[in-house]
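Next up is a structure, given as structure tokens.
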Amino acid sequence: MKRLCVIGSINMDLVARVERFPKPGETLVGESFGTYPGGKGANQAVAAARLGADVLMVGRVGDDLYGSRYLELFRKESVRTEGVAVERDTSTGVAVIEVDRSSENHIVIVPGANASLTRERIESLWPLLGTCDLFLLQLEIPLPSVEAACTLLRAKGKTIILDPAPAAPLSSAILEAVDFLTPNEHELVALTGVPGGGGEAIGAGIRALRARGVRGVVVKAGKAGAYLGDSSGTAHLPGYEVSVVDTTAAGDSFNAGFAFALAEGQGVQQAIGFANAVGALSTTGMGAQAAMPTRKAVQDFMRDHSPA
């Protein structure tokens, strides 16, 4: 099986539940508080490792309690951490989140140590990166670092999966380097300007990205599954009907499932079908990483369920 590497963010999510959001200058008493591991990079690394992949994480944590807690979590989940450095006198990345009773949220992200994952530091890790075959990236580290990593990995013939989240304009260098770009429908609109609204609009967005040099586009469409656009044309891979509890990190679970299946040698469409199952299962429990399934759970689910 091919080895995976995730280059990306490591965040701790600080979540306060409130009856309503405070007005400017107002202090409210919250209903509950929790601290949860997050960050799109770390989420994808943990999800892939839980499926059984050999995963290297490349990122930065701060020299604080959250950083040491995350390193311990990676060890527990069998994520390799030779590529995770501790940034001195810096906080680990955090997301400060308020959630009201209607499940609306306010989120403030402080990148912290994630901002120190520079292109020079990524390039200095080539002896380690070179031992891996398939790479997952996202946009919660500096964009120049993403471009540098994609350019380096393309030159070395590696397989690159880029999750363009949170949505941001992407350079030609990035678009032409990646093997698979995996936006959701909102990110597809942000990248292409093509209005959303179902399969026809998704197809138009895929064609727009392909015209800009993207080799393969995989659009995550929630319960509708996913759409693939590559040199063979466009295909729809239907999703699964499940009782949704929490959609947090479903996209990260999908990406990890897709990368895992490719690393295992599955064809692209088969890998997307597997990823649809991983993403669907991840929504049936609370939390991001807590709800990510094992390979056996996915196999059992796919045996007992058919795509909608």
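Any read-out appearing in this document is the output of simple, stated calculations on the displayed coordinates, not a laboratory observation. Bear in mind that the values here come from a model prediction, so they are computed numbers and not experimental data. Every residue, glycine as well, gets a Cβ built from its backbone with ideal geometry; the counts of neighbours run over all protein chains shown.
Taking segment 240-260 on its own, how many of its residues are under 18 Å from the mean Cα position of the chain (by Cα), part of a loop (DSSP other than H, G, I, E, B) and surrounded by 16 or more Cβ atoms within 10 Å (Cβ to Cβ)?
Qualifying residue count for the region: 3.
Also, quick follow-up: Before we move on, is Ala297 more than 15 Å from the chain's Cα centre (by Cα), farther than 24 Å from Tyr70 by Cα and part of a helix (DSSP H, G or I)?
yes
Of (1) touching a strand residue (DSSP E or B) at 6+ places or on another chain (Cβ under 8 Å); (2) surrounded by 18 or more Cβ atoms within 10 Å (Cβ to Cβ), Arg50 satisfies all except one. Which?
Among (1) touching a strand residue (DSSP E or B) at 6+ places or on another chain (Cβ under 8 Å); (2) surrounded by 18 or more Cβ atoms within 10 Å (Cβ to Cβ), the lone unmet condition for Arg50 is (1).
While we're looking at this one, here's another question. Within segment 85-116, which residues are hydrophobic (A, V, I, L, M, F, W, C) and over 20 Å from Ala49 (Cβ atoms)?
Within segment 85-116, Val86, Val94, Ala95, Val96, Ile97, Val99, Ile107, Val108, Ile109, Val110, Ala113, Ala115 meet the criteria.
Still on this structure, I have one more. Consider Leu56 carefully, then state whether it is within 23 Å of Met292 (Cα to Cα), touching a residue at least 24 places away in the same chain (Cβ under 8 Å), aliphatic (A, V, I, L, M) and surrounded by fewer than 18 Cβ atoms within 10 Å (Cβ to Cβ).
no
When you look at Gly273, is it without any contact (Cβ under 8 Å) to a residue 60 or more places away in the chain and in a helix (DSSP H, G or I), yes or no?
yes
Moving on to the next point. Checking His186 against (1) in contact (Cβ under 8 Å) with a residue 40 or more places away in the chain; (2) under 21 Å from Ile109 (Cα atoms), which test does it fail?
Checking His186 against (1) in contact (Cβ under 8 Å) with a residue 40 or more places away in the chain; (2) under 21 Å from Ile109 (Cα atoms), the one that fails is (1).
With a cut-off of at least 1 residues that are surrounded by 19 or more Cβ atoms within 10 Å (Cβ to Cβ) and β-branched (Val, Ile, Thr), name the strands (runs of 3 or more DSSP E) lying wholly within segment 73-178.
79-87, 93-99, 159-162
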